[in-house]
Amino acid sequence: MCGIFGVLKLNSTGVDIQRLQNAVNIIRHRGPDDEGYALIDTGTGTMQECFGDTSQIKKGSHILSAAGNNSDLALGFRRLSILDLSPNGHQPFTNEDNSVCLIFNGEIYNYIEIREELLAKGYKFRTATDTEVILNSYLEWGTDCLQKFNGMWAIALYDVKKDLLFCSRDRFGVKPFYYYLDDKNFVFASEMKSIIEYFKSDQTFVKRLNEDIVYDYLINNFVDHTEKTFISGINHLPPSHFIKFDKKKPHVEKYFTIEVNKELGNYDSRKFDKLNKIYADLIYDAVSLRLRSDVPVGTCLSGGLDSSTITSIISSIIVNEGEKAQLGERQKTFSAVYDDALYDERRFIEKIVAQSNCSSHYVFPDNSDFVSEVEDFIFQLDEPVAGTSPYAQWNVMRLARENGVTVLLDGQGADESLGGYEVYFGFLYSNLFSKGNYVQLFSEVLKNFRKGIEISSRGMKYYLTQKSGNVKRTTAEYYDAGFINCHKDRNVLSYRTKDNLNLKLFEDLTSYILPSLLRYEDRNAMRFSIESRTPFLDYRLIKMLFETEGIYKIHNGWSKWILRNSMNGKLPDEITWRRDKKGFPTPERRWMMKLKDDFIRTMNEDSSGVTKLFDMKKIISDYNSISNDPGIKSHFLWKIYNLVKWCKLYGVTA
């Protein structure tokens with residue numbers, strides 16, 4: 001797990017090396033163990049390897065003393081050592097004749113199997129890293145090597161002989177890849193702040209707020225749902241895509257696609273038994289692969305079904321397969337808990353801890369800590385976030401680092417692939433209704449009668465209202481009318497699926513929910529130099545689930561029907577058959593009341609022009625009632641505060 005940065009100058013040479021080093025070191029938290037650079041003249045194919053102030057090995061010259069510098073391509077790297085902790089893992093990584101140069105952020109979990117395949121083909125290896133496996137895979141299979149990888153990655157590779165810069169992002173976007181492209185530069189990085197830092201002294205680079213994205217954030221509560229970012233001109237490379245510059249001509253291509261089964265289907269118990277067995281075997285193997293590490297591994301444990309599943313499987317692996325080199329006799333778990341019973345999950349956490357014989361660690365996120373850290377939190381998350389819940393995860397990641405753990409497994413992806421959110425019941429009901437299956441519809445509602453009507457109503461309202469993009473009545477009066485009118489035709493809800501469960505899940509997995517959760521997870525983890533791994537996003541699992549009819553995701557009034565059955569008898573029943581869902585909650589209303597003085601000060605001092613989007617006088621006047629009104633909710637105030645504070649920290653103007 002690391003941080004990458006690169007610059008390709010499209011019509012000139014001479015990359016500014018001071019700006020290069022600044023851009024690399026602003027993400028030092030992603031890789032505190034090593035630093036490296038490569039300066040390449042693509043015209044001649046020559047390369048200088050350089051080191052920095054914190055480099056583990058000293059190849060070539062110091063980056064600030066690089067001779068000549070006729071380079072038009074520069075690659076920079078920060079390393080967090082996970083596999084092969086020796087200096088052999090130093091990047092940029094080259095093959096023996098320096099014809100291919102690679103920087104890579106992430107992990108290829110099946111690198112051992114690919115390595116064996118390449119050894120049989122005659123390839124030699126000088127390290128025990130997955131980085132070298134990537135490089136040799138490219139030499140053997142070209143860009144098709146991506147099909148071989150089971151993992152998470154952001155890769156930038158330069159092929160000297162072909163004059164080809166090849167950049168790729170993993171199938172589901174677990175690892176970030178930001179880029180800026182104009183007629184002069186292609187600049188890419190693991191985090192947006194690196195690109196901002198690189199252009200810090202460039203007066204021609206304007207950090208202009210993308211109001212379309214702001215509208216989606218404020219009105220529809222969506223972030224990371226498109227390749228566009230909050231800053232016009234800076235984009236995400238979409239998951240499952242690569243971008244290559246062949247002799248400096250760009251080309252973007254999608255390399256992986258899942259064919260979604262659009263049929264709801266008819267429930268067949270014999271087919272389900274087979275699916276259940278396949279799923280149970282796959283999730284076990286996905287967790288097992290993600291335990292490969294040369295540093296300590298732990299688990300995020302929230303008390304819910306997903307993280308409890310991972311914790312239970314790891315304990316089984318410790319007992320059955322002797323995976324003690326990385327995990328020890330007992331695995332370490334990390335949880336955010338509260339003294340307030342409304343948010344506290346300890347009664348569930350302690351059940352799985354007792355069953356799995358874990359060494360549990362707790363952190364109590366506090367409003368005073370939140371207030372003192374809020375600027376660092378906002379800055380490190382790269383773009384605005386829709387609520388304060390990620391701060392609980394921030395604390396969990398810090399807790400793991402304080403206890404000597406470098407790798408954490410987490411449960412992201414299960415809800416969006418298995419139907420874990422309450423709103424999905426509404427889509428199941430609508431799917432059954434549209435198919436004319438009224439008997440099963442009535443049966444499903446009855447089997448979840450306590451919540452069935454409420455969930456169905458909420459789910460139906462979710463996609464049948466706001467067709468015209470209208471702002472919620474409870475918040476409309478707090479927005480500037482000109483801002484709303486300008487974007488009133490922008491309604492991302494209008495073209496989403498209305499009555500197909502599998503399509504709805506796939507949209508949330510690839511666009512509307514999971515991408516933002518993955519950003520939060522990556523930035524929170526890397527802020528404390530932690531590598532976070534997500535076994536529920538093993539591409540084999542996702543492929544299997546979306547090739548399966550929707551009826552097997554939610555059944556008999558239960559969400560996550562496949563997962564619950566695969567873990568039945570392996571987890572305490574109170575967890576396996578738990579209906580309520582919290583994740584990592586925070587007492588947001590209380591925290592926003594604590595932030596009131598800074599909220600007012602931040603709004604009054606705003607120089608970005610963002611506050612013009614709101615009726616700030618009315619918002620400040622109604623602050624207390626807004627924070628305590630469940631119809632408006634405190635996250636409305638948080639989003640405004642986060643946006644204005646973020647603009648200040650990043651120097652963005654509206």
Query - Filter pass, Thr497 being more than 14 Å from Leu218 (Cα to Cα), at pLDDT 65 or above and in contact with a helix residue (DSSP H, G or I) (Cβ under 7 Å, 6 or more places away or on another chain) - result: yes
Report task. Test Leu75 against the stated conditions and say whether it is closer than 22 Å to Val174 by Cα and touching a helix residue (DSSP H, G or I) at 6+ places or on another chain (Cβ under 8 Å). Result -> no
Query raised in the report: Among the helices (runs of 4 or more DSSP H) contained in segment 612-651, which hold 2 or more residues that are small (Gly, Ala, Ser)?
Result: 623-628
Query - Residues satisfying the stated conditions in segment 328-337, i.e. without any contact (Cβ under 8 Å) to a residue 40 or more places away in the chain and in contact with a strand residue (DSSP E or B) (Cβ under 7 Å, 6 or more places away or on another chain) - result: Arg330, Gln331, Thr333, Val337
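Yes/no matrix, rows are residues, columns are (1) surrounded by fewer than 21 Cβ atoms within 10 Å (Cβ to Cβ); (2) touching a Ser or Thr at 6+ places or on another chain (Cβ under 7 Å); (3) of a type in the set (D, E, K, R); (4) not assigned by TED's automatic domain parsing to the domain that holds Leu289:
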residue	(1), (2), (3), (4)
Glu521	no, yes, yes, no
Phe528	yes, no, no, no
Thr534	no, no, no, no
Asp538	no, no, yes, no
Lys543	yes, no, yes, no
Report task. Under 9 Å between Cβ atoms, at least 6 apart or on separate chains: pull out the pairs that start in segment 519-537 with a residue that is at positive phi and end on any residue that is assigned to a strand (DSSP E or B). Result -> Ser529/Pro32
Query raised in the report: Between a first residue in segment 69-82 that is farther than 16 Å from Thr129 by Cα and a second residue that is modelled with pLDDT of 95 or more and of a type in the set (S, T, N, Q), which pairs have beta carbons less than 6 Å apart while being 6 or more apart in sequence or on different chains?
Result: Asp72/Thr42; Leu73/Thr42
Query raised in the report: Considering Leu139, Leu218, Leu164, which residue is closer than 30 Å to Asn491 by Cβ and in contact with a Phe, Trp or Tyr (Cβ under 9 Å, 6 or more places away or on another chain)?
Result: Leu218
**Report entry** strands (runs of 3 or more DSSP E) contained entirely in segment 146-193, each with at least 2 residues that are in contact with a Cys (Cβ under 8 Å, 6 or more places away or on another chain) and in the same structural domain as Glu117 (by TED's automatic domain parsing)
**Finding:** 151-159
Query - Looking only at segment 1-20, and only at residues there that are of a type in the set (A, V, I, L, M) and outside any helix (DSSP H, G or I), the one that is modelled with the lowest pLDDT - result: Met1
Query raised in the report: If only one of Asp268, Asp340 is among the acidic types (Asp, Glu), surrounded by fewer than 15 Cβ atoms within 10 Å (Cβ to Cβ) and without any contact (Cβ under 8 Å) to a residue 40 or more places away in the chain, which one is it?
Result: Asp268
Query raised in the report: Which condition number does Phe125 fail, the rest of (1) part of a loop (DSSP other than H, G, I, E, B); (2) in contact (Cβ under 8 Å) with a residue 60 or more places away in the chain; (3) of a type in the set (Phe, Trp, Tyr) being met?
Result: (2)
**Report entry** Selection status of Lys200, in contact with an Asp or Glu (Cβ under 6 Å, 6 or more places away or on another chain) and charged (D, E, K, R)
**Finding:** no
Query raised in the report: If we keep just the residues of segment 21-65 that are in a helix (DSSP H, G or I), of a type outside the set (Val, Ile, Thr) and under 26 Å from the mean Cα position of the chain (by Cα), which is surrounded by the fewest Cβ atoms within 10 Å (Cβ to Cβ)?
Result: Arg28
Report task. Check whether at least one residue in segment 405-414 is surrounded by 23 or more Cβ atoms within 10 Å (Cβ to Cβ), in the same structural domain as Arg519 (by TED's automatic domain parsing), at pLDDT 75 or above and part of a helix (DSSP H, G or I), and report yes or no. Result -> yes
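Quick grid of which residues meet (1) closer than 30 Å to Gln147 by Cβ; (2) surrounded by 17 or more Cβ atoms within 10 Å (Cβ to Cβ); (3) outside the structural domain of Ser307 (by TED's automatic domain parsing); (4) modelled with pLDDT of 95 or more:
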residue	(1), (2), (3), (4)
Lys207	no, yes, yes, yes
Ile219	no, yes, yes, no
Thr229	yes, yes, yes, yes
Tyr279	yes, yes, no, yes
Ser288	yes, yes, no, yes
Report task. Among the candidates Asp212, Asp224, Asp202, single out the residue that is more than 25 Å from Leu541 (Cβ to Cβ), acidic (Asp, Glu) and assigned to a loop (DSSP other than H, G, I, E, B). Result -> Asp202
**Report entry** Matching entry among Asn98, Asn69, Asn105 (being assigned by TED's automatic domain parsing to the domain that holds Ile195, touching a Leu at 6+ places or on another chain (Cβ under 8 Å) and polar (S, T, N, Q))
**Finding:** Asn69
Query raised in the report: Here are Ser625, Ser607: which of them is farther than 15 Å from Ala476 by Cα, out of contact with any helix residue (DSSP H, G or I) (no Cβ under 9 Å at 6 or more places or on another chain) and either exposed (fewer than 15 other Cβ atoms within 10 Å of the Cβ) or among the β-branched types (Val, Ile, Thr) (or both)?
Result: Ser625
Query raised in the report: For segment 588-644, what are the residues that are in contact (Cβ under 8 Å) with a residue 40 or more places away in the chain, among the hydroxyl-bearing types (Ser, Thr, Tyr) and either within 15 Å of Asn367 (Cα to Cα) or in contact with a Leu (Cβ under 8 Å, 6 or more places away or on another chain) (or both)?
Result: Ser608, Ser634, Tyr641
Query raised in the report: When the residues of segment 312-328 are filtered to those that are buried (at least 17 other Cβ atoms within 10 Å of the Cβ) and within 16 Å of Gly569 (Cβ to Cβ), which remaining residue is modelled with the lowest pLDDT?
Result: Ser315
Report task. Check every one of the helices (runs of 4 or more DSSP H) wholly within segment 477-569 and list those with 1 or more residues that are over 22 Å from Thr299 (Cβ atoms) and more than 19 Å from the chain's Cα centre (by Cα). Result -> 481-487, 501-507, 539-546, 561-566
Report task. Check whether at least one residue in segment 122-129 is modelled with pLDDT of 95 or more, assigned by TED's automatic domain parsing to the domain that holds Pro176, of a type in the set (Phe, Trp, Tyr) and touching a strand residue (DSSP E or B) at 6+ places or on another chain (Cβ under 6 Å), and report yes or no. Result -> no
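Residue-by-condition table, conditions (1) modelled with pLDDT under 90; (2) assigned to a helix (DSSP H, G or I); (3) among the small types (Gly, Ala, Ser):
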site: Tyr391; (1), (2), (3): no, yes, no
site: Lys461; (1), (2), (3): yes, yes, no
site: Gln466; (1), (2), (3): yes, no, no
site: Val471; (1), (2), (3): yes, no, no
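The values are calculated or read from the model by the stated rules, or taken from the named source; none is laboratory data. Remember, it's a predicted structure, so these values are computed and weren't measured experimentally. We place every Cβ from the backbone using ideal geometry, glycine too, and count neighbours over all the protein chains shown.
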